[in-house]
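A.B. asks: To start, I am sharing the structure in question, which I have written as structure tokens.
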Amino acid sequence: MAGVQVPPALARKGRDAFRRFITLRWVPLTAALLSLPLSGAAIFISLQQPEVILILPDQIRVAQGRESGAAYVYLQPAFVSTGRNERIEVVRDMTLEVTRQGDEFVAFSWSQQLRLVSDPETGGLNYEYVADAIPLLISPRDAAAPLSLFGAPQGWFFAPGGYSFRLLADLVVTGQPLSDEFTLTIGEQDIEFLEQPGPERFLTFPID
């Protein structure tokens, strides 16, 4: 049986089409089509709001501040970004609300960033000024854990009893404040120690 003869023109078209396929000219177009959903996902992630969590330390240091005119505390909260992008969040300010059982809360203001140092004269611990209470920048690459000084309103002091503490941090980008709480009991002996004559002292309490 005689074979089917293909017209020369049709054969040339077939060979040309095969060559175009072999040269992989379709690859750039396919890659571009595949990159569209990936680009869309990247844009979606980049537009997400930053996510920051607040981690309380395991201790707080309390001072009565009779010479300075008000009680104050040392607290070192940590702010960690858990977001999926590189967007930066800003902690504009912090406030520590202190409530004695049966009373309304008192707002302790964040005033300074400090560092803990050894006192060469007494061998104990002391604090040095590092910076004012300036906004904190939080990113996936940079957390913040400022050792912070919070001061009570002038004339306010601790008395023996139970207290609840609530730390509030104002965020700039999301506009949603972060907060966390803990409790503390201060005994009569603690107050007597803090109010001894001489340089102001502080006591360290564990945070539950």
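Any read-out appearing in this document is the output of simple, stated calculations on the displayed coordinates, not a laboratory observation. Predicted, not measured: the structure shown is a model, and the values here were computed from it. Neighbour counts run over all protein chains shown; Cβ positions are idealised from the backbone, glycine included.
A.B. asks: With a cut-off of 20 Å, note down the residues of the range 150-172 whose backbone N falls inside the zone around a label point 7 Å from the Cα of GLU188 toward its beta carbon.
C.D. replies: What the label zone holds, given the 20 Å backbone N cut-off, is 157-163.
A.B. asks: Another one. How many nm is it between the label spots at GLN59 and ILE207, if each spot is 7 Å from the Cα in line with the beta carbon?
C.D. replies: 1.3
A.B. asks: How far is the Cα center of the range 172-189 from the Cα center of the range 84-114, in Å?
C.D. replies: Answer, in whole Å: 7.
A.B. asks: Rg and Dmax of the range 50-142, using alpha carbons, in Å: what are they?
C.D. replies: In Å, with Rg to one decimal and Dmax whole: 16.2, 48.
A.B. asks: I need the peptides 57-67, 127-137 ranked by packing, meaning the mean over residues of other C-beta atoms within 10 angstrom, with the highest value on top.
C.D. replies: Details: 57-67: 16.8, 127-137: 12.8.
Order by mean packing, descending: 57-67, 127-137.
A.B. asks: Express in nm, to one decimal, how much length is gained between ARG84 and LEU125 on full extension, taking 0.36 nm for each residue of separation and deducting their alpha carbon distance.
C.D. replies: On the way: separation 41, 0.36 × 41 = 14.76 nm, distance 3.94 nm.
Full extension from ARG84 to LEU125 adds 10.8 nm.
A.B. asks: Contour minus end-to-end for SER68 and ILE134, with contour as 0.36 nm per residue of separation and end-to-end as the Cα-Cα distance?
C.D. replies: Computed gain between SER68 and ILE134 is 21.5 nm.
A.B. asks: Given 0.36 nm per residue, what is the gain on full extension from GLN196 to TRP156 after removing their alpha carbon distance, in nm?
C.D. replies: Details: separation 40, 0.36 × 40 = 14.40 nm, distance 1.73 nm.
Answer, rounded to one decimal: 12.7 nm.
A.B. asks: Sticking with this one: Which trypsin sites (Lys or Arg not before Pro) from the range 102-208 combine a DSSP loop assignment with at most 12 other Cβ atoms within 10 Å? Write out the running numbers ahead of the final one.
C.D. replies: Values: sites: ARG115, ARG141, ARG166, ARG201; in loops: ARG141, ARG201.
Here the trypsin sites (Lys or Arg not before Pro) that fit, given the DSSP loop and packing criteria, are ARG141.
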